[in-house]
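Novice: Here it is, the structure in full.
The values are calculated or read from the model by the stated rules, or taken from the named source; none is laboratory data. Please read all numbers here as calculations on a predicted model, not as lab measurements. Cβ: placed from backbone, ideal geometry, glycine included. Neighbour counts: every protein chain shown.
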Amino acid sequence: MAALCRLIGSSRMGICRLLKNSGYHHHHSTVHQFPDGFSYWPNYFTNKEQRTLLSASLYKLDSSETRQSRVKRKEYWKSRSNDDQTELDPPATLFAPDDMYEFQEVRTTSGFPKGHFDGVIHHYREMHLSSWPIDKFCDLKSVLDRLYSLCPTQDVQTHILHLASHGEILPHVDNTSASGRWILGVSLGHERVLKMREESQDGHEFSLTLPSGSVYLQRDDIRYSYLHSISKNTQESGVVGQRLSIMIRVSPSPMSWLNPQGFLTLMTVPGSMTCNP
Ligand SMILES: O=C(O)CCC(=O)C(=O)O
């Protein structure tokens, strides 16, 4: 509890008081109090569920890489076959070393369909998912059912983002023309810090560590008025390693040419975001 309070920055909402009053405890279905529109489930997925989600996500990303990379990884895992993994091992043990993956240095393709501002994401792999490999992972379907049950609406698009150990995401607000009023993020692998900062001058800010298996949701005002970032550092353990997030967004509605206040948006450039690194 004390650690959580230390992690939360200037608290105009008396978040820590709220947490004390609401009896903070680690339970996978506990939802904590944050500014309106932000929800956080610290231990939503069990270790086994995390391993299933991470394995399926890596499977999708890995199969889109070059044959050379796939062969290299196969050799690597063969050389490690003596230390067989169990479902109790931390999910991060499913990552191969950084140099086994084709991480991109920085996003440079403007106009990418789901829209990340150029230069915001560093040292990453990513994929927009059209389907999950449920036939390859026997308990994946039930884990996905639990995941998608958290979504406020069901018209969604799913994006997987794998950060290298030194990867990071600079402060940005998602492209409002590429998705709607909420985004939900699942963190898997090494813990990182999510920083939220209101875009206005002297804006309110808070941050929290995202352990593997945690889920957060940003909706409505907080989704539009706060910059979010994932830093290279971790506040607690000091070990910075690879992290994979599953980002689910509501698909842009036919009304997405209206901005959050309901006015016509005159300039919607596909792939753009407001960015303030
Ligand atoms: O990985 C995360 O938790 C955040 C990802 C992100 O900022 C984004 O996809 O816009």
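Novice: Does H172 satisfy the condition of being outside any loop (DSSP other than H, G, I, E, B), within 16 Å of the ligand (Cβ to nearest atom) and at pLDDT 95 or above? Before you say what the answer is, go through the steps one by one.
Specialist: On the way: outside any loop (DSSP other than H, G, I, E, B): yes; within 16 Å of the ligand (Cβ to nearest atom): yes; at pLDDT 95 or above: no.
Considered against the rule, which asks whether it is outside any loop (DSSP other than H, G, I, E, B), within 16 Å of the ligand (Cβ to nearest atom) and at pLDDT 95 or above, H172 comes out as no.
Novice: Search region 138-164 for residues being under 15 Å from the mean Cα position of the chain (by Cα) and either aromatic (F, W, Y) or more than 13 Å from S251 (Cβ to Cβ) (or both), and hand back the single one that is farthest from the ligand (Cβ to nearest atom).
Specialist: The residue in question is Y148.
Novice: Hey, among K195, K232, which residue is closer than 28 Å to D98 by Cβ and not in a strand (DSSP E or B)?
Specialist: Only one candidate qualifies: K232.
Novice: OK, next. Can you say whether T30 is surrounded by fewer than 18 Cβ atoms within 10 Å (Cβ to Cβ), over 28 Å from H122 (Cα atoms) and at pLDDT 95 or above, as far as the supplied structure shows?
Specialist: Judged against the criteria, T30 is not a match.
Novice: A further question on this structure: I'd like to check something: does region 261-268 contain any residue that is away from the ligand (no atom under 11 Å from the Cβ) and modelled with pLDDT of 75 or more?
Specialist: No - not one qualifying residue is present in region 261-268.
Novice: Could you give me the residue pairs with C-beta distances under 7 Å whose first residue belongs to region 174-199 and is within 24 Å of L58 (Cα to Cα), whose second residue is more than 10 Å from the ligand (Cβ to nearest atom) and of a type in the set (F, W, Y) wherever it lies, and which are 6+ apart or on separate chains?
Specialist: Listed by first residue and then by second, the contacts come to G189/F95.
Novice: Mind telling me which of the residues S179, S229 ends up being within 12 Å of the ligand (Cβ to nearest atom) and modelled with pLDDT of 85 or more?
Specialist: Among S179, S229, only S229 is within 12 Å of the ligand (Cβ to nearest atom) and modelled with pLDDT of 85 or more.
Novice: Only residues that are surrounded by fewer than 17 Cβ atoms within 10 Å (Cβ to Cβ) and closer than 14 Å to L188 by Cβ: list them for region 147-169, please.
Specialist: Scanning region 147-169 gives no hits.
Novice: For region 194-210, what are the residues that are more than 19 Å from R223 (Cβ to Cβ) and not polar (S, T, N, Q)?
Specialist: D202
Novice: May I pose another question? What number goes with the only condition from (1) hydrophobic (A, V, I, L, M, F, W, C); (2) assigned to a strand (DSSP E or B); (3) surrounded by 19 or more Cβ atoms within 10 Å (Cβ to Cβ) that L144 does not pass?
Specialist: In the conditions (1) hydrophobic (A, V, I, L, M, F, W, C); (2) assigned to a strand (DSSP E or B); (3) surrounded by 19 or more Cβ atoms within 10 Å (Cβ to Cβ), L144 misses (2) alone.
Novice: Moving to a separate point now. Check G185, G203, G213, G167 and return the single one that is under 13 Å from S245 (Cα atoms) and in a loop (DSSP other than H, G, I, E, B).
Specialist: Criteria check complete, one pass: G213.
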